[in-house]
Amino acid sequence: DVKVTQSSRYLVKRTGEKVFLECVQDMDHENMFWYRQDPGLGLRLIYFSYDVKMKEKGDIPEGYSVSREKKERFSLILESASTNQTSMYLCASSLGASRSYEQYFGPGTRLTVT
Amino acid sequence: KQEVTQIPAALSVPEGENLVLNCSFTDSAIYNLQWFRQDPGKGLTSLLLIQSSQREQTSGRLNASLDKSSGRSTLYIAASQPGDSATYLCAVRGLGKLIFGQGTELSVKP
């Protein structure tokens, strides 16, 4: 079974702090994704990566950056956290470049910025 | 621009009932459609993936159908149980990325 893990289930940070959210997958998947989920807005793609050291902007990249130094790990970075970044963050992965592949999600990180 | 709609937003049924969740999309140029389940405060669990060339997929009590030409998919749940209570999301994969619907919140009453 594919396993996608996220470093924290709940996180509370202060405004202006630098925040790191970590995601690890154990199935040698090439593609990895970061989404945020908000009531009434659904899931929105922040960034994705289709290979090590490669990244592409999603729909809402502003205020975020990402890092993929190893194939199994994809990090989301909030350079200076703001209250409007309070959200549920979900990481996902999929195998290969084909658009036919299934996406597998992690358990999510509930981030609160005060 | 692809838009995905799920109706109804919420559904409450008594235990044992068979039910259908609906998903519609505006652009039929899709690679696949995926149904997910999300429990409160948790991540998404993939239930079924239907490729664009397929008409349906089955897993246990779940059956998902896809009609690309009409831009519709349904998720059929047979003999519903209280443990099926969750939010069900559909997502379509097109030329760009995965586009999600807003979900249907299902409550199965004992």
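What the table shows:
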quantity: Radius 9 Å from Cβ of A:F48, net charge of other residues (Lys, Arg +1; Asp, Glu -1); calculated: +2
quantity: Approximate spin-label separation B:S12-B:S69, in nm, with each point projected 7 Å along Cα-to-Cβ; calculated: 4.0 nm
quantity: Value of relative contact order over chain A, rounded to a whole percent, pairs C-alpha under 8 Å and six or more apart; calculated: 36 percent
quantity: Additional length obtainable on full extension of the chain from A:L41 to A:E22, 0.36 nm per residue less Cα span; calculated: 4.5 nm
quantity: Antiparallel bridges, percent of DSSP beta bridges restricted to chain A (to nearest 5); calculated: 90 percent
quantity: Where labels lie 7 Å past Cα in the beta-carbon direction, separation of B:S107 and B:T58 in nm; calculated: 3.2 nm
quantity: A:K13-B:S46 pseudo-label distance in nm [points 7 Å out on the Cα-to-Cβ vector]; calculated: 2.8 nm
quantity: Loop-located trypsin sites (Lys or Arg not before Pro) in region B:50-86 whose Cβ has at most 15 other Cβ within 10 Å (DSSP); calculated: B:R55, B:R61
quantity: Eligible lysines near B:K97 by straight Cα distance, threshold 29 Å, same-chain separation 8 or greater; calculated: A:K3, A:K18, A:K53, A:K55, A:K57, A:K70, A:K71, B:K1, B:K42, B:K68
quantity: Loop-located GluC sites (Glu not before Pro) in region A:29-62 whose Cβ has at most 14 other Cβ within 10 Å (DSSP); calculated: A:E62
quantity: Computed over chain B: relative contact order in percent, which uses C-alpha pairs under 8 Å that are six or more apart; calculated: 37 percent
quantity: In sequence order, calculated HN-Hα J values of region B:54-68 (Karplus, 6.51, -1.76, 1.60; Hz; x Gly/Pro); calculated: 9, 9, 7, 9, 10, 8, x, 7, 9, 9, 10, 10, 9, 10, 4
quantity: Test item: Cα-centred dipole of the protein assembly as shown, Lys/Arg +1 and Asp/Glu -1 on Cβ, debye; calculated: 360 debye
quantity: Sparsely packed chymotrypsin sites (Phe, Trp or Tyr not before Pro) within region B:9-39, loop by DSSP, other Cβ within 10 Å at most 10; calculated: none
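Bear in mind these aren't lab numbers, they're just calculated from the coordinates by the rules spelled out. Quick caveat: nothing in here was measured; it's all calculated off a predicted structure. With ideal geometry, Cβ positions are generated from the backbone for all residues, glycine too; neighbour counts draw on all protein chains shown.
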